[in-house]
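The values are calculated or read from the model by the stated rules, or taken from the named source; none is laboratory data. Only a predicted model underlies this, so the values are computations on that prediction, with no experimental measurement involved. When we count neighbours, we look across all protein chains shown, and the Cβ atoms used for this are built from the backbone with ideal geometry, even at glycine.
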Amino acid sequence: MQMSLAQFENLVQQAYLDLPESVWSTLHNVDIVVQDWPGPEADGADDSQHEPGDALLGLYVGVPLIERYAADPLLPDCIYLYRRPILSMCDTPNAVADEIRTTLLHEIGHYLGLNEHDLARLGYA
């Protein structure tokens, strides 16, 4: 699937704006970053929950809310969405939009403290 960076970012923005208020209101000091491919931030990412050959579509980097303490640093957490792997698995713009939404919700789940098992049970694996 071919899609410009601007079109992809528009879909990410729409997915963010379409989040339920209860989810959107929990996102404090979180950057959402679109990159073509995983970079150094993905070094050491826990791949134990992924099948060999699975592409990394997104990544949460930070301290989950349930593990935070008052003295934790105020640097922003980041949710990365990887454009090329998402595009490679989709055939239509609607499929891209759906995958962006699912991936964004998956990574927000990690921000909230959910693990891979929890996310799979909720349909965001």
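Side notes on the structure shown:
- Members of region 1-25 found to be farther than 10 Å from residue 97 by Cβ, of a type outside the set (S, T, N, Q) and part of a helix (DSSP H, G or I), listed by number: 5, 6, 9, 16, 17, 21, 23, 24
- Applying a threshold of 9 Å to beta carbon distances and a minimum spacing of six or more residues, or different chains, the list of pairs starting in region 78-99 at a residue that is among the aromatic types (Phe, Trp, Tyr) and ending at one that is surrounded by 13 or more Cβ atoms within 10 Å (Cβ to Cβ) and assigned to a helix (DSSP H, G or I) reads 80/41; 80/42; 80/107; 82/42; 82/103.
- Taking first residues from region 1-21 that are closer than 19 Å to residue 109 by Cβ and partners that are part of a helix (DSSP H, G or I), the Cβ contacts under 6 Å between residues at least 6 apart in sequence or on separate chains come to 12/100; 15/100; 15/101; 15/104.
- Annotation note: of 86, 66, the sole residue that is farther than 16 Å from residue 35 by Cβ, touching a Gly at 6+ places or on another chain (Cβ under 9 Å) and not polar (S, T, N, Q) is 66.
- Among the residues here, residue 82 does not qualify as within 13 Å of the chain's Cα centre (by Cα) and within 21 Å of residue 28 (Cβ to Cβ).
- Number of positions in region 103-125 that are in contact with a Ser or Thr (Cβ under 9 Å, 6 or more places away or on another chain), under 20 Å from residue 68 (Cβ atoms) and surrounded by 18 or more Cβ atoms within 10 Å (Cβ to Cβ): 2
- Within region 95-125, the set of residues being more than 18 Å from residue 63 (Cα to Cα) and among the charged types (D, E, K, R) comprises 98, 99, 101, 121.
- Filter pass, residue 59 being touching a helix residue (DSSP H, G or I) at 6+ places or on another chain (Cβ under 9 Å), modelled with pLDDT of 90 or more and surrounded by 10 or more Cβ atoms within 10 Å (Cβ to Cβ): yes
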